[in-house]
Amino acid sequence: MADKSQNTETLNQAISTLEEIASNPSTPKNIKKSITDLAADLKKQEHSVSVRASNAISLLDDITQDANMPSYVRVTLWQVVSTLERIRE
């Protein structure tokens, strides 16, 4: 049971970081949209926490390939990926 609450806490931490990036005025609009959509998907409880984390990691990999992304946003998104990778079933 502790594992489940720890996974949820880790997921919430990742969502919080994504929301911070999306609310930053210097983040490009197209990236904000992708990140906002991703955070919303992570909040949906249609799937288990680990499935949502895996899907998010895949999407973040695609998002970080954007050539227009500022380097500080890319690094922060990699940190989110690292956070999500700690979630286990």
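Data table
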{"item": "Local net charge near Ala40, Cβ-Cβ under 14 Å (Lys/Arg +1, Asp/Glu -1)", "result": "+1"}
{"item": "Rounded tilt (10° steps) of 71-85 against the dominant C-alpha axis of the chain", "result": "10 degrees"}
{"item": "Selection from Ala22, Val49, Ala67 lying farthest towards where the dipole of the range 3-89 points positive, charges on Cβ", "result": "Ala22"}
{"item": "Solvent-accessible area per residue, Å², over the chain with all protein chains present [probe radius 1.4 Å]", "result": "62 Å²"}
{"item": "Fraction of accessible area attributable to carbon and sulfur, the chain (%, probe 1.4 Å)", "result": "50 percent"}
{"item": "Neighbourhood charge, 13 Å Cβ-Cβ cut-off, centred on Ser16 and excluding it, Lys, Arg +1 and Asp, Glu -1", "result": "-2"}
{"item": "HN-Hα J in Hz across the range 14-27 - Karplus 6.51, -1.76, 1.60, θ = phi - 60°, x for Gly and Pro", "result": "5, 4, 4, 5, 4, 5, 5, 4, 5, 8, 6, x, 8, 7"}
{"item": "In the range 41-83, trypsin sites (Lys or Arg not before Pro) in a DSSP loop with at most 15 other beta-carbon atoms within 10 Å", "result": "Lys44"}
{"item": "Relative contact order computed over the chain (Cα-Cα under 8 Å; 6+ residues apart), in percent", "result": "41 percent"}
{"item": "Net dipole in debye of the chain [+1 Lys, Arg Cβ; -1 Asp, Glu Cβ; about Cα centre; nearest 20]", "result": "140 debye"}
{"item": "Alpha carbon centroid spacing (whole Å) that separates the range 46-85 from the range 1-33", "result": "9 Å"}
{"item": "Charge context of Arg52, other residues only, Cβ under 12 angstrom, K/R +1, D/E -1", "result": "-1"}
{"item": "Reach of Lys4 by Cα under 23 Å, taken over lysines that are not fewer than 8 positions away in the same chain", "result": "Lys43, Lys44"}
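The values are calculated or read from the model by the stated rules, or taken from the named source; none is laboratory data. It should be emphasised that the depicted structure is a prediction, and the values quoted were computed from it without experimental measurement. Neighbour counts are summed over all protein chains in view; Cβ atoms, including those assigned to glycine, are modelled from backbone coordinates with ideal geometry. Only protein heavy atoms, including side chains, enter the accessible area calculation; ligands, DNA and RNA are left aside. Shrake-Rupley method; radii C 1.70, N 1.55, O 1.52, S 1.80 Å.
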